[in-house]
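Since the structure comes first, as structure tokens, the remarks are kept for the end.
Here, each number is a calculation from the coordinates, and none is a lab measurement. None of the values given here were measured: they were computed from a predicted structure. As a convention, Cβ positions derive from the backbone with ideal geometry for all residues, glycine included, and neighbour counts pool all protein chains shown.
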Amino acid sequence: MFDIPVLVTRPYLPPLEDFKRGLEEVWANRWLSNNGPILKRFLRELSAYLGVADTNLALFANGTLALELGFQALGLAGAEVVTTPFTFVATSHALKRIGATPVFADIDPETFCLSPEAAEKSITPRTRAIVPVHVYGHPCDVEGFARLGEKYGVKIIYDAAHAFGVRLGGRSIAEYGDMAMFSFHPTKLFHSCEGGLLTFRDPVLQDRLGQLRNFAIKGELSCVDVGTNAKMNELQALMGIECLKVIEELLAARAEIHAAYKEAFAGCDGLDFPEPVRFAVSRQMAFAPNYAYCPVLFRDFGTRERVYEGLKATNVFARRYFYPLLTDFAPYAYGKGTCPVAEDVSRRVLTLPTYHGLPPADAKAIANNVKELL
Ligand code: T4K
């Protein structure tokens, strides 16, 4: 039993003095939004960290708007887009909101990511893109999707909301696909209060995205498209810069917690504690995970629910990401019954607390509580 509630995640907060120093700069500039100097610095620092040229990324107010505008910029309105139901609703909401139709295909049972084989079966002449999600930071089969992209002439856009800091095949995961979106929400291992980043292969998109996120106005006298307000502001960028300073520490903390759970669950046959390395190992690709989430898979729905409730009684608030499945929700019910693997995983998975500041000993205690509940 924990005295203080243990939540599934807590955001990292930089030392207040450091943030205050940044605020002094904001006060001196008297510049709060609309592509300010701190945002430009954040973009340059992200470019260096990710190894993506600063012409090939763009920042947004949040990850959902980043996805929406990315889809709009790639001309997906009116198209069918193959995607996964095992994700947060934002992935499909962003498609729907720009007038595309999500077509659901099943996931791989080992990585929980969209399966290229299942995706291929859902491709029709109306398909213009595939949107796989690096669920929990576990990399998708990037080679399989690259092949589909070439074979069918469709765009591959990764929802990499969970995958900041992941490296695969010696490069950042941001470099795979035509486009990738990273969420900087406070529940993510790296954040900017709220925020979203798009990385993209074609640098021409940078101007287009810059326009779309600023109402699609051009100068004072013209408006060239239907844009929106999706700009990241200076305070968000400042938080992002402060968090980026300690990214290695944030990653190391998650790795330590994952190792503590792993050790405590070793030999426990009532559950599966999946390793994010499975895809990379099968392809012999160099891999640096981010351990963004700590998912556990139970034998059946009843056990998962019992553990979820039982943990609450010990003051531990794990989450059932992603249950219900998207196809259980009214806007996406047309996909119900089409993705049996996703339906099964959604009913058996529980994500355990992990965040910078959670002592690994607490992770061990949580794992022991789980084992007792089993
Ligand atoms: N694609 C994927 C695959 C995603 O997972 C997401 C977002 C997106 C796209 C969209 O990106 P954004 O537009 O959000 O940038 C959360 C987040 O709101 C959402 O960002 C995230 N995925 C999703 C998986 O989870 P909730 O409803 O579970 O959050 P909430 O408020 O229950 O918070 C979870 C825990 O974190 C709580 O126990 C409290 C703690 N917390 C939360 C916040 C916001 C804090 O301690 N401090 C905080 O400031 O949705």
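Segment W27..K262, full-extension length gain: 79.9 nm, with 0.36 nm per residue of separation and the alpha-carbon distance subtracted. Between the residues A105, S33, T87, the greatest Cα displacement towards the positive end of the dipole of the chain, with unit charges on the Cβ of Lys, Arg, Asp and Glu, is found for S33.
The helix-based estimate of mean residue ellipticity at 222 nm for the chain, built from -39,500 (n - 2.57) per DSSP H run of four or more residues and divided by its residue count, is -11500 deg cm²/dmol to the nearest 500.
Note on the stretch 14-114: Kirkwood radius taken over Cα pairs, Stokes-Einstein applied at 4 °C and 1.567 mPa s, translational D equal to 78 µm² s⁻¹. Size descriptors for the chain, from the alpha-carbon set: Rg then Dmax equal 20.6, 67 Å. Across all directions, the average projected area of the convex hull around the alpha carbons of the stretch 188-279 is 9.8 nm². Placing unit charges on the Cβ atoms of the charged side chains and taking the dipole of the chain about its Cα centre, the candidate lying farthest along the positive direction among L325, V226, M239 is V226. A cut-off under 14 angstrom between Cβ atoms defines the neighbours of A363, and their net charge, with Lys, Arg +1 and Asp, Glu -1, is +2. Among H258, H93, the ranking by other beta carbons within 10 Å of each residue's beta carbon, starting with the fewest, stands as H93, H258.
For K151, the aspartates and glutamates whose Cα comes closer than 15 Å to its Cα, not counting residues fewer than 8 places off in the same chain, are E117, E120, E143, D178. Of all lysines in the structure, those lying under 28 Å Cα to Cα from K231, and not within fewer than 8 positions of it along the same chain, are K20, K40, K96, K155, K188, K218, K245.
Look at R208, R21 and count the other Cβ atoms within 10 Å of each Cβ; fewest to most, that gives R21, R208.
Its Kirkwood hydrodynamic radius, worked out from the mean inverse distance over all distinct Cα pairs, puts the stretch 158-229 at 13.7 Å. Overall, the anisotropy analysis places the stretch 284-374 in the oblate class: the square-rooted eigenvalues a ≥ b ≥ c of its C-alpha gyration tensor yield a/c not less than 1.5, with a/b not exceeding b/c. Report the normalised scattering of the stretch 1-65 as log10 I(q)/I(0) at q = 0.19 Å⁻¹, calculated by the Debye formula with identical scatterers on the alpha carbons. Results for the stretch 1-65 at q = 0.19 Å⁻¹ read -0.97. Under conditions of 10 °C and 1.306 mPa s, the stretch 106-193 yields 119 µm² s⁻¹ as its translational diffusion coefficient, taking Rh as the Kirkwood radius over Cα pairs in the Stokes-Einstein equation.
Within the shell of other residues whose beta carbon sits under 9 angstrom from the beta carbon of D178, the net charge comes to +1, with Lys and Arg scored +1 and Asp and Glu -1.
Between S183, S282, S172, the GNM of the chain built on Cα springs shorter than 10 angstrom shows S282 fluctuating the most.
Placing a label point 7 Å from the Cα of D54 along the Cα-to-Cβ direction, the residues of the stretch 206-245 with a backbone N closer than 19 Å are 206-211, 232-245.
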